[in-house]
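Bear in mind that the values in this text are calculations on the coordinates, not laboratory data. Here the structure is a predicted model, which is why all the values come from computation and not from measurement. Heads up, the Cβs are rebuilt from the backbone with ideal geometry, glycines too, and the neighbour counts pull from every protein chain shown.
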Amino acid sequence: MHQRKGKNILLYFFLLCLVASINNNQFISIKFEEVKDVNVLGLGQRDNQSLLTEIKNLNLNNLFFINENQINNLISSNNLVQDYEIFKRYPSTLDINIKKTKFLAKINHKKEIFLVGANGKLSNNNQNNNSLPFIFGKPKIHEFLNFKEIIDHSELSYEKVKNLYFYPSGRWDIELKDNRIIKLSSYFDKHTLNFVLDFLQNKNFKNTKVVDARINNQIIIND
């Protein structure tokens, strides 16, 4: 999260007050303009409006003395947010630019289907994401994200993954969109995946449906 703060402007304002020799009674009489406009961008029209409503329900007061922690906590708690920036446009406008998280997979959680975001949070499955892999099993989100990172560093395109299977032992199977299955150990790395891909590209094994790579530097085929 990145935020541009108005501390410099606030400092300049008080310096101006001192230079102008404003006495205490005059200073007390100064009224700061309240926040009039809040703009939220990046989540899509419906979700932008939903977050905007929540922010407006906060006691925003004015830009000089705005409660930044309240806003930060509210935005950070939104499961759709990956990153964000807040810009204060004086005298009375607040702009919030959001980077929406990327959905990586679907998973069954407490008998409901959720989307797994790159931010490590689960979101309601209310969008058309039929192309996303489905995760079978009950991995912790960080276990899946670590697994996904290994895939991203290998030569295997995540776009070719149809389903993922997680086992209590901590290992994974990958089902590709051509229905071939790759069995992996709990300690596999990108070199294991690259080794399997080289094997699958061999024309002699183009009809192989199950590739067992659970033993280091070995492949067992099961047709």
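Could you work out the percent of alpha carbon pairs in region 66-207 separated by over 26 Å, rounded to a whole number?
Details: 3779 of 10011 pairs.
Value for region 66-207: 38 percent of Cα pairs lie more than 26 Å apart.
Gap in Å between the Cα centre of region 159-218 and the Cα centre of region 60-77?
Each part's Cα centre sits 47 Å from the other's.
Given a Förster radius of 41 Å and the C-beta distance between Thr208 and Lys110 as r, what FRET efficiency does 1/(1 + (r/R0)^6) yield to the nearest 0.05?
Working: r = 37 Å, r/R0 = 0.90.
After rounding to 0.05, the efficiency reads 0.65.
Which FRET efficiency, nearest 0.05, do Leu41 and Asn61 yield, Cβ-Cβ r, R0 22 Å? It would help to have the intermediate numbers written out before the result.
On the way: r = 23 Å, r/R0 = 1.03.
That pair, Leu41 with Asn61, gives E of 0.45.
Provide the FRET efficiency to the nearest 0.05 for the Phe87-Ala118 pair, computing r from the beta carbons and using R0 = 22 Å. Numbers along the way, then the final one.
Values: r = 24 Å, r/R0 = 1.09.
Efficiency, from the Cβ-Cβ distance: 0.40.
Could you line up Asp178, Asp212 from fewest to most neighbouring Cβ atoms inside 10 Å?
Values: Asp178 10, Asp212 17.
By the 10 Å Cβ count, ascending: Asp178, Asp212.
Please list the equivalent ellipsoid semi-axes of region 39-138, computed as the square roots of five times the alpha-carbon gyration tensor eigenvalues, in descending order and whole angstrom. Could you put the intermediate results ahead of the total?
On the way: eigenvalues 199, 30, 23 Å².
One finds semi-axes of 32, 12, 11 Å for region 39-138.
Chymotrypsin sites (Phe, Trp or Tyr not before Pro), restricted to region 41-129: which are DSSP loop and have at most 13 other Cβ atoms within 10 Å? Write out the running numbers ahead of the final one.
Values: sites: Phe64, Phe65, Tyr84, Phe87, Phe103, Phe114; in loops: Phe64, Phe65.
Those satisfying the criteria are Phe65.
Residue by residue, what Karplus-based ³J(HN,Hα) values in Hz, rounded to whole numbers, does region 160-171 have, using 6.51, -1.76 and 1.60 with θ = phi - 60° and x for Gly and Pro?
So the Karplus estimates, Gly and Pro as x, are 8, 8, 9, 9, 10, 10, 10, 10, x, 6, x, 9 Hz.
Taking the alpha-carbon distance from Lys102 and a cut-off under 20 Å, which lysines remain once sequence neighbours fewer than 8 residues away in the same chain are dropped?
Lys121, Lys140, Lys148, Lys160, Lys162
Given 0.36 nm per residue, what is the gain on full extension from His142 to Asn222 after removing their alpha carbon distance, in nm?
On the way: separation 80, 0.36 × 80 = 28.80 nm, distance 3.09 nm.
The His142-Asn222 span can extend by a further 25.7 nm.
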